[in-house]
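The values are calculated or read from the model by the stated rules, or taken from the named source; none is laboratory data. Keep in mind that this is a model prediction, so the values were computed, not measured. In this analysis, Cβ positions are derived from the backbone assuming ideal geometry, glycine residues included, and neighbour counts consider all displayed protein chains.
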Amino acid sequence: MDRSIFRGSFRPYVSPRDPCPPILVKTFVLPPQIFTNFQQPGLPQNSPEAALKQGSLWPQFVDGFSREEGIS
Amino acid sequence: MWVYEKKLLYPVEVTTCNPKLARYLMEQYGGADGELAAALRYMNQRYTVPDKVIGVLTDISTEEFSHLEMLATMIYKLTKDATPEQLEQAGLGAHFVNHGHSLFYENAGGVPFTSTYIQSKGDPIADLYEDIAAEEKARATYQWLIDISDDPGVNDALRFLRERENIHSLRFRESVEILKEERDRKKIF
Amino acid sequence: MNANEEEWNLLKKVQQADFVVVELTLYTDTHPNDAEAIHQWREAIKEASQVRRQYEARYGPLSLLSVPSKQAIEVGWHWNSTPWPWQR
């Protein structure tokens, strides 16, 4: 899974009077489902074991999320 | 009607005794974008939507109740043998004097659940857009919970729940497309 | 592997098989004309009920719609027997 295709980023305005150390680039989530209005038939599927583990039968809609990404 | 299944949708394993994390998880138990709100929102809307989308609302609502049970399991395990002192340190002192060790439908700030969290406009597009938004808001809440939790077992279950929001959002988006196909159907009758 | 772990793992098989049914049910709700998916959905339900029977034969019914095995009754299984899902 290439998670980076399901993320966006922007550079917020930084003021010299911001009290916290500024984060120069902010990242946000663009989840897989927003890129399709209707799931195509016949997409590749996970095994039952991987499906339960990942939370979907279709890897195409799995983007995962972890604290290490530093999104918040 | 519904038949109880004596199993969870997903195997939940909680690693730590961590009442503070339990308190945060209450956001998804009894909060505005939580699983109870989701389950009740869809279960109520389904009666008056066009027939073609009743299945989606019924089945997703039913699944949300299984998510609610997963949240309850996590909250229960995280607080099960915690002392009143531990609960107080976790910010659950006020919860404890009112509810003891029992669960309650409230958010992370202790605000009790209210039906004003859900909407039902009787307009299929307004309702489905509300549902798509609800799924994305729940997904975001799971993200912030994953960011604040350091319990590997809880995070594993939260990742699963977050992914389910993606799929539910997709099914609601498809429902909108299905209703768009009904345009001008009247003329053909 | 101890008995508790064995049960946990077999229950996980039930959860995996059931989850495929959950996913395909939602999919067919919005794709009623996808014949291949409808076929897979039927097969997934068969598979799930087979795995479920394996579990229930050893550990007792997961639902009130399952027939309790004689063996389960003999060893003192009751619907109200612990553990409940949140206690495991």
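Among the residues making up region C:22-81, those that are among the charged types (D, E, K, R) and either touching a Cys at 6+ places or on another chain (Cβ under 8 Å) or within 11 Å of chain B (Cβ to nearest Cβ) (or both) are C:E23, C:D29, C:R52, C:E56. Is it fair to say A:S47 is on the phi < 0 side of the Ramachandran plot and over 10 Å from the mean Cα position of the chain (by Cα)? Judged against the criteria, A:S47 is a match. The single condition among (1) free of Cβ contacts under 8 Å to residues at least 60 places away in the same chain; (2) more than 27 Å from B:Y42 (Cβ to Cβ); (3) within 14 Å of chain C (Cβ to nearest Cβ) that B:A94 does not meet is (3). Scanning region B:138-184 for residues that are closer than 16 Å to B:I60 by Cα and surrounded by fewer than 20 Cβ atoms within 10 Å (Cβ to Cβ) turns up just one, B:V176. Among the conditions (1) without any contact (Cβ under 8 Å) to a residue 60 or more places away in the chain; (2) among the hydrophobic types (A, V, I, L, M, F, W, C); (3) within 16 Å of B:R162 (Cβ to Cβ); (4) more than 10 Å from chain B (Cβ to nearest Cβ), the only one that A:F6 does not satisfy is (4). Is it the case, given these coordinates, that B:E135 is within 26 Å of B:P50 (Cα to Cα), of a type in the set (D, E) and assigned to a helix (DSSP H, G or I)? Yes, satisfied.
Yes/no matrix, rows are residues, columns are (1) surrounded by 20 or more Cβ atoms within 10 Å (Cβ to Cβ); (2) closer than 26 Å to B:V12 by Cβ; (3) not β-branched (V, I, T):
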{"residue": "C:N4", "(1), (2), (3)": "no, yes, yes"}
{"residue": "C:L10", "(1), (2), (3)": "no, yes, yes"}
{"residue": "C:L24", "(1), (2), (3)": "yes, yes, yes"}
{"residue": "C:H39", "(1), (2), (3)": "no, no, yes"}
{"residue": "C:A44", "(1), (2), (3)": "yes, yes, yes"}
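So, in region A:17-48, how many residues would count as being in contact with a helix residue (DSSP H, G or I) (Cβ under 8 Å, 6 or more places away or on another chain), over 23 Å from B:I132 (Cα atoms) and exposed (fewer than 14 other Cβ atoms within 10 Å of the Cβ)? So the count comes out to 2.
Within region B:71-83, is there a residue that is of a type in the set (S, T, Y), modelled with pLDDT under 95 and out of contact with any Phe, Trp or Tyr (no Cβ under 8 Å at 6 or more places or on another chain)? No, the conditions are met nowhere in region B:71-83.
If you filter region B:19-70 down to residues that are of a type in the set (D, E) and assigned to a helix (DSSP H, G or I), you find that the one that is farthest from B:G110 (Cα to Cα) is B:D51.
When the test is whether a residue is touching a helix residue (DSSP H, G or I) at 6+ places or on another chain (Cβ under 7 Å), without any contact (Cβ under 8 Å) to a residue 40 or more places away in the chain and within 14 Å of chain C (Cβ to nearest Cβ), B:D51 does not pass it. Go through the residues of region B:3-13 one by one and say whether even a single one is facing chain C (nearest Cβ under 10 Å), among the aromatic types (F, W, Y), surrounded by fewer than 16 Cβ atoms within 10 Å (Cβ to Cβ) and in contact with a Leu (Cβ under 8 Å, 6 or more places away or on another chain). Yes. If you go through region B:136-148 and keep only what is within 19 Å of B:E69 (Cα to Cα) and either at the interface with chain A (Cβ under 9 Å from one of its Cβ atoms) or small (G, A, S) (or both), you end up with B:A138, B:R139, B:Y142, B:I146.
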